[in-house]
Amino acid sequence: MSDVRLAEQWRDAIRDSIEDGARFAGLFGTATAGGCRLTVLLAVDGGFELRSIDVVDEGDGLRYPALTPVVPSAFWYERAAADLSGVVPVGHPRLDPLLLPIAEGSLRPRPGQNGAHLEESAVRTATPPGPVEVEGRGLFTIAYGPVRSGVAESIEYLVETPGEDIPRLNIRPHYKHRGIAKAFEGRSIDDGVLVAERVEGIASATHASAYVHSVEALTGTIPPLRAQLSRVVVAEVERIANHLDVAMKLAEAAGLAVANARFAWHKESTLRLMSALTGSRFGRSFVVPGGIARPLALSPDEILDAVRVLRERIRPDAALAMKTPSFLDRLRGTGRLDPARAREWGALGPVGRGSGVIDDNRWSRPTDAYGLLVEGLEPAVEKTADVLARTRVRWSEIETSVVLVERACSALREVAGESSRAHVPAATGTAVGWSEGPHGEIVYVTELQEGRIVRCFARTPSLHNLVLLHDVFNGDVLTDFAFNEFSFGLSAAGVAM
């Protein structure tokens with residue numbers, strides 16, 4: 001084990017920072033010549049801090065005192081680091097595989113080690129039985145997934161139940177692992193955008209923004225205002241589409257065929273608007289280091305007309321759904337995430353804001369032109385902490401997104417002749433970038449060596465929030481499962497990466 005005293009000091013310093021108001025935002029490992037560098041990401045006023053320690057092999061493997069016993073939200077992150085980097089947190093409460101069930105004795109991918117490839121890591125073909133945490137007469141486990149109905153992502157939920165109630169849920173997302181951390185390595189900063197856009201396809205534009213913000217922070221690049229405003233437009237259109245997708249799925253789960261069809265139509269209209277703006281329904285190949293690849297394809301007036309028509313179509317359908325008894329009965333009181341638990345964990349996005357946790361990077365850590373555009377607006381926050389609260393947050397955010405697009409378009413008229421991209425020099429070093437994606441905070445930590453990516457850690461809201469699905473089945477039953485899952489609005493791809 002590495003120097004225990006130094007590791008404990010590192011752990012205690014992180015705990016003290018969190019007690020003083022910082023928020024735990026992630027942990028990841030980077031391969032070094034002598035072992036692994038563990039880095040903790042802390043959200044602080046105005047930005048993020050990195051706290052690192054080197055873990056070396058002194059004969060008993062890469063081991064260090066676990067952070068989870070003092071920082072519970074490190075639970076999944078330490079499991080992920082164990083899977084990818086082979087670093088063992090001694091004292092972790094449950095260290096079964098999360099992202100990659102590596103065969104015993106096989107090589108680990110070791111992100112940050114040039115030449116170590118995912119295909120050289122032997123993955124177990126047979127998934128071992130999951131943990132059983134609830135015991136008693138008549139209890140059994142339902143393996144829900146990884147193959148499920150429709151086009152649902154591959155993920156396995158192990159539901160421990162006596163038949164209807166759900167006293168415990170375990171989550172296994174590794175079926176969706178694609179080797180994202182290794183895919184970044186060795187790429188140019190421009191090619192890194194292509195990988196970032198595919199970490200979570202539902203949030204391609206805001207992932208690209210978070211990644212390029214890290215590159216721009218490292219190189220000291222300031223994108224032209226025209227590019228910053230255009231990024232805001234694309235990010236908010238992406239947000240509207242994602243919130244409509246959640247509403248569509250909730251309506252389907254409630255058996256409201258007409259509402260499901262209406263919200264699906266609105267979502268499709270939003271994706272077509274994105275395509276008209278950027279040439280891609282997902283807003284891909286638009287955000288680039290230093291700015292944007294090309295100006296928006298629609299004029300500010302055309303964009304304004306489109307988002308206003310969209311808003312006027314959505315409003316009556318949302319209002320009707322939110323006063324439909326058969327819909328409200330399924331949302332109210334279901335999937336309650338205790339506000340104290342949400343605060344302790346640092347829950348992100350609508351999941352956190354539905355439980356009273358006010359932290360939206362558009363206000364608290366504004367990037368691009370958000371600092372100019374959010375004045376007089378406030379983050380949407382609810383306190384009932386259930387599926388209904390998370391749904392209300394999303395409806396409110398759609399309204400806010402339209403206002404932000406309106407303000408951005410007004411400003412775009414004034415900078416029509418500006419360039420769209422600034423030069424980004426090659427650089428060496430590490431920096432953090434972030435954005436507020438549709439489902440919460442996205443953070444990238446990018447390490448460059450002469451303009452090439454050595455290590456890129458993508459922290460998605462899915463990786464941080466999905467584990468909280470464990471905590472929302474308070475008296476809920478199997479037929480509530482879809483409402484709880486859909487209300488989180490997360491992706492298995494964003495967890496497994």
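The values are calculated or read from the model by the stated rules, or taken from the named source; none is laboratory data. All values reported here derive from a predicted model rather than from experimental measurement. With ideal geometry, Cβ positions are generated from the backbone for all residues, glycine too; neighbour counts draw on all protein chains shown.
What to note about this one:
- Residues that are among the hydrophobic types (A, V, I, L, M, F, W, C) and either closer than 30 Å to LEU412 by Cβ or in contact with a Pro (Cβ under 6 Å, 6 or more places away or on another chain) (or both), drawn from the range 325-375: LEU348, ILE358, TRP363, ALA369, LEU372, LEU373, VAL374
- Whichever residue in the range 154-190 is basic (Lys, Arg) and out of contact with any His (no Cβ under 9 Å at 6 or more places or on another chain) and, among such residues, is surrounded by the most Cβ atoms within 10 Å (Cβ to Cβ): ARG172
- Going through (1) more than 26 Å from the chain's Cα centre (by Cα); (2) more than 14 Å from ALA227 (Cβ to Cβ) one by one, ARG284 falls short only on (1).
- If only residues of the range 133-153 that are within 23 Å of the chain's Cα centre (by Cα) and at negative phi are counted, the one that is surrounded by the fewest Cβ atoms within 10 Å (Cβ to Cβ) is VAL151.
- Residue among ILE240, ILE189 that alone is under 21 Å from ALA318 (Cβ atoms) and in the same structural domain as GLU418 (by TED's automatic domain parsing): ILE240
- Those residues of the range 189-201 which are in contact with a helix residue (DSSP H, G or I) (Cβ under 6 Å, 6 or more places away or on another chain) and either under 17 Å from ASN361 (Cβ atoms) or of a type in the set (A, V, I, L, M, F, W, C) (or both), in sequence order: ILE189, VAL193, VAL195, ALA196, VAL199, GLU200
- Residue match in the range 64-75 (condition: without any contact (Cβ under 8 Å) to a residue 40 or more places away in the chain and under 17 Å from ILE171 (Cα atoms)): no
- Residue check for ALA152: within 26 Å of ASP83 (Cα to Cα) and not in a loop (DSSP other than H, G, I, E, B): no
- Test result for GLU312, out of contact with any Lys or Arg (no Cβ under 8 Å at 6 or more places or on another chain), assigned by TED's automatic domain parsing to the domain that holds ASN484 and either over 24 Å from GLY21 (Cα atoms) or not β-branched (Val, Ile, Thr) (or both): yes
Results for (1) at negative phi; (2) in a strand (DSSP E or B); (3) touching a Lys or Arg at 6+ places or on another chain (Cβ under 8 Å), shown as yes or no for each residue.
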{"residue": "ARG37", "(1), (2), (3)": "yes, yes, no"}
{"residue": "VAL55", "(1), (2), (3)": "yes, yes, yes"}
{"residue": "GLU58", "(1), (2), (3)": "yes, no, no"}
{"residue": "SER73", "(1), (2), (3)": "yes, no, no"}
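- Residue count for the range 265-275, restricted to those that are crowded, with 16+ Cβ neighbours inside 10 Å and either more than 23 Å from the chain's Cα centre (by Cα) or among the aromatic types (Phe, Trp, Tyr) (or both): 3
- Only listed residue being touching a helix residue (DSSP H, G or I) at 6+ places or on another chain (Cβ under 7 Å), outside the structural domain of ARG51 (by TED's automatic domain parsing) and not in a helix (DSSP H, G or I), chosen from ALA411, ALA416, ALA347: ALA347
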